[in-house]
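Engineer: What follows is a structure written as structure tokens; I'll ask about it next.
The values are calculated or read from the model by the stated rules, or taken from the named source; none is laboratory data. On a predicted model such as this, the values are computed, not experimentally measured, just so you know. Cβ atoms come from the backbone with ideal geometry, glycine included; neighbour counts cover every protein chain shown. Accessible surface areas use protein heavy atoms only, side chains included; no ligands, DNA or RNA. Shrake-Rupley method; radii C 1.70, N 1.55, O 1.52, S 1.80 Å.
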Amino acid sequence: MTTLRWPEAGAESMRNGDPTLSEEEFACFRQFILREAGIDLPPGKRPLVQSRLSKRLRVLGLDSYAAYWRLLRAPESHAERQRAVNMLSTNETYFFREPQHFQWLERQVLALRERQPGMIKVWSAACSTGEEPYTIAMVLAETLGISGNWRIFATDINTKVLASAKRGVYPLDRVRRTPPLLWQRYLLRGRDEYEGMVKVAPELARKVEFSQLNLLQCNQLHHTEIDIVFLRNVLIYFNEATKLDVLAHLCTRMKNGGHLLIGHSESLHKLDLPLVQEEPSRYRFEAARQLSGGGKK
Ligand SMILES: C[S@@+](CC[C@H](N)C(=O)[O-])C[C@H]1O[C@@H](n2cnc3c(N)ncnc32)[C@H](O)[C@@H]1O
């Protein structure tokens, strides 16, 4: 771990009893999350980082961010480093987010089924609390049948969101964009202490396999020959070099001719990758495509 200079103990400024994250301290946490997850926090995110870590400082009874940093750097603090990654990643998501992708998915899997007898594999590569892979599962269940030959792999770096994804229990407002027919088929309404919540039906949940995977090591995914990858609303946190590296390795898990979907606000502009743009947020992987060899064009 990099050694960074720290202010003298007790030099941290305090406001309202809570310590304030200094610029120097912020720089350490920035480097940490860049190295661990590829998340490149802009300077304006200092208040956000302070607010996310402040609760943890209180729980641990620490009076400064410097003390928390010392704890994080200790070689034995694996669990605390994972907890810090969980706190510093942003997990906003909901069912049927960016719905055009799911309309395309429906057409695409039908076309795939006609020409490919084997398993259709879809990867939700930054799945957060599970709304994205379960939305994909609903679409595939409708088009190919719940017992059809298809499977969804859902991964994220954040262990807290993965635990919640596996539980598959959501407040009603997270599912409000789900078409009513799909609600009836794939979501169970909660009663008593689960009033106001829904649970993903077990037969749908069984089609989704959740596991932890850092996109910085995405070539370590156990599955290959993936037909469709959803990599949405995560590239925005990466710098250009990280994007290039992540995507180059991600392509090694894809089937030749397979598709990649990114978020509508994201771009792969000028990145030298074997990906052909079909729509603003949709790409096709062409293994044989010659790269210029210099990374960014
Ligand atoms: C904003 S959510 C996007 C969720 C979903 N894909 C969507 O579009 O609604 C971004 C997710 O990316 C995950 N993430 C960030 N860095 C990651 C990394 N290096 N490896 C894997 N997941 C990462 C975060 O934990 C978070 O759950």
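Engineer: Since E142 meets every condition but one in (1) part of a helix (DSSP H, G or I); (2) under 25 Å from C251 (Cβ atoms); (3) more than 21 Å from the chain's Cα centre (by Cα), which condition does it not meet?
Structural biologist: For E142, the exception is condition (2).
Engineer: Do we have S128 as of a type outside the set (V, I, T), surrounded by 21 or more Cβ atoms within 10 Å (Cβ to Cβ), outside the structural domain of Q50 (by TED's automatic domain parsing) and on the phi > 0 side of the Ramachandran plot here? Steps first, please.
Structural biologist: Values: of a type outside the set (V, I, T): yes; surrounded by 21 or more Cβ atoms within 10 Å (Cβ to Cβ): yes; outside the structural domain of Q50 (by TED's automatic domain parsing): yes; on the phi > 0 side of the Ramachandran plot: yes.
So S128 passes the test.
Engineer: Which of the residues spanning the range 148-176 are among the charged types (D, E, K, R) and closer than 27 Å to R113 by Cα?
Structural biologist: Within the range 148-176, R151 is the sole residue that qualifies.
Engineer: Inside the range 267-287, can you point out the residues that are part of a loop (DSSP other than H, G, I, E, B), open to solvent by 40 Å² or more (accessible area, probe 1.4 Å) and of a type in the set (S, T, N, Q)? Steps first, answer last, please.
Structural biologist: First pass over the range 267-287, keeping only residues part of a loop (DSSP other than H, G, I, E, B): 267-270, 272-274, 280-281, 286-287.
When the remaining residues are screened for being open to solvent by 40 Å² or more (accessible area, probe 1.4 Å), the result is 267, 269-270, 280, 286-287.
Once the filter is applied, which keeps residues that are part of a loop (DSSP other than H, G, I, E, B), open to solvent by 40 Å² or more (accessible area, probe 1.4 Å) and of a type in the set (S, T, N, Q), the range 267-287 yields only S267.
Residues checked against (1) more than 23 Å from the chain's Cα centre (by Cα); (2) among the aromatic types (F, W, Y); (3) surrounded by fewer than 15 Cβ atoms within 10 Å (Cβ to Cβ):
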position: Q31; (1), (2), (3): no, no, yes
position: L34; (1), (2), (3): no, no, no
position: G38; (1), (2), (3): no, no, no
position: P47; (1), (2), (3): no, no, yes
position: L62; (1), (2), (3): yes, no, no
position: A66; (1), (2), (3): yes, no, no
position: W69; (1), (2), (3): yes, yes, no
position: E80; (1), (2), (3): no, no, no
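Engineer: From the set of residues in the range 209-266 that are among the acidic types (D, E) and open to solvent by 60 Å² or more (accessible area, probe 1.4 Å), which is farthest from the ligand (Cβ to nearest atom)?
Structural biologist: So in the range 209-266, the residues among the acidic types (D, E) come out as 209, 225, 227, 240, 245, 266.
Then keep just the ones that are open to solvent by 60 Å² or more (accessible area, probe 1.4 Å); that gives 209, 225, 240, 245.
Details: E209: 16, E225: 21, E240: 15, D245: 11 Å.
In this case the residue turns out to be E225.
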